[in-house]
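Asker: This is the structure I have questions about; it appears just below.
Since every read-out is calculated from the coordinates, none of them should be taken as a lab result. Note that this is a predicted model, so its numbers are computed, not measured. When we count neighbours, we look across all protein chains shown, and the Cβ atoms used for this are built from the backbone with ideal geometry, even at glycine.
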Amino acid sequence: MRRPSFIGAVRAEVIKVSHQLSFWLMIGAGFVLLAISIVGITTIGSLPDIARTDPNTFARQMFDVYGTIFQIGSGIVLLIVGSRLIAMEYSSGTIRIAYARGVGRLHLLLAKLVTLALIGIGLLVGYLVAVGAIVAVLFASWTGGLSGLEHPDSSLQQDFGYWLLVMGISMGVVILLTAAAAGLGRSMAFAMAASLAFFPVDNFLVGIMALTARATKHDSPWTNITEYLLGPNLNMVLKLIEPDHASPVGFAPPLNPVDTEHALLVIGAWTLVFVVVAVGRAVRPDVLE
């Protein structure tokens, strides 16, 4: 029997996602959220004046707002879709069929991860197009044209490049988290619950450590623990790598100051843990072929 090609495996995973109603409902919810954001932005009385007098400041404010929305929204979508795509095979038992047809364990896992990466790229490109159109329409309606937005300052362009880099890191971490959770629990319910709870718990722990340090009147080791949590370091990394502009931190940062190298090392270490768990559970022969 001919071994399935990798491209064919990826195509099969893409078809699975495209047939999931929940995926399209989440995309629809994203458009609703964008519509609500437009209503909210138009109620900010100072924005039209900022657009007329300082287009670059206006563009940066829109960048900060919509950048945070994408970070949250794309993470939720990838966590849910990834949990379903990877763990659904275990829950339904169809993974045995895939193995019986000659699909290797790592071959199948990598095909799913590549599919999720393609979805992440598609979400990013689609979001940038939609938001670019929204910002352009708002700016033109307030200023009478797009003059001032054609040539954003160099610092804004540089920050956009850093933002793209951090979004790529964040989406990669999220995808590997879902793979690790799915492999660990071998259940779609467990994978979805664990992956969706991971970052809220991670951020909530910062508050717990702060209260514990206050109650014990000792910062160590409580505040030190937050330096090694994944979520808080991801929250800080964009602010740390931008030389000219400090992006707002939407969620809890570590309680102690950290530098760029530390944040990236912590993110890398957690990523390695997720890879080891996902791959280790994928190759473990506890599923009959």
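Asker: What helices in the chain pass both tests, a Cα length along the helix axis of 30 Å or more and a mean Kyte hydropathy of 0.0 or higher, using whole DSSP H runs?
Answerer: Once both thresholds are applied, what remains is 21-42, 55-92, 105-143, 154-185, 188-216, 260-283.
Asker: Can you list the lysines whose alpha carbon is less than 22 Å from that of Lys16, not counting same-chain residues fewer than 8 positions off?
Answerer: Straight-distance partners of Lys16: Lys112.
Asker: Can you give the FRET efficiency to the nearest 0.05 for Val275 and Ile76, using r as the Cβ-Cβ distance and R₀ = 25 Å?
Answerer: Calculated value: 0.70.
Asker: At what distance in nm do the modelled label points of Ala215 and His151 sit from each other, each positioned 7 Å from its Cα along Cα→Cβ?
Answerer: Going by the 7 Å Cα→Cβ label model, 5.9 nm.
Asker: Setting aside same-chain residues fewer than 8 positions from Lys239, which aspartates and glutamates have a Cα under 15 Å from its Cα?
Answerer: Asp64, Asp159, Asp259, Glu261
Asker: In whole Å, what three semi-axes, largest first, describe the equivalent ellipsoid of segment 39-95 built from its Cα gyration tensor (square root of 5 times each eigenvalue)?
Answerer: With the √(5λ) rule applied to segment 39-95, the semi-axes are 42, 10, 5 Å.
Asker: Take the Cα pairs of segment 126-266, get the Kirkwood Rh, then feed it into Stokes-Einstein at 37 °C and 0.692 mPa s and tell me D in µm²/s.
Answerer: 184
Asker: Something else about it: Tell me the label-point distance for the pair Ala136, Ala29, using the 7 Å Cα-to-Cβ offset, in nm and rounded to one decimal.
Answerer: The two pseudo-label positions are separated by 3.0 nm.
Asker: Now a separate question. Run the numbers on the chain and let me know its relative contact order in percent, using alpha-carbon pairs under 8 Å that are six or more apart.
Answerer: Relative contact order for the chain comes out at 23 percent.
Asker: Take the alpha carbon atoms of segment 25-182, find their radius of gyration, then divide it by 2.2 N^0.38 Å using N residues; give the quotient.
Answerer: Relative to the rule-of-thumb radius for its length, segment 25-182 sits at 1.31.
Asker: Estimate the FRET efficiency between Asn224 and Thr260 by the formula 1/(1 + (r/R0)^6), using the beta-carbon distance for r and 22 Å for R0, to the nearest 0.05.
Answerer: It comes to 0.75.
Asker: While we're looking at this one, here's another question. How large is the helix-only mean residue ellipticity at 222 nm for the chain, computed as the sum of -39500 (n - 2.57) over DSSP H runs with n ≥ 4, divided by its residue count, in deg cm²/dmol to the nearest 500?
Answerer: That calculation yields -27000 deg cm²/dmol at 222 nm.
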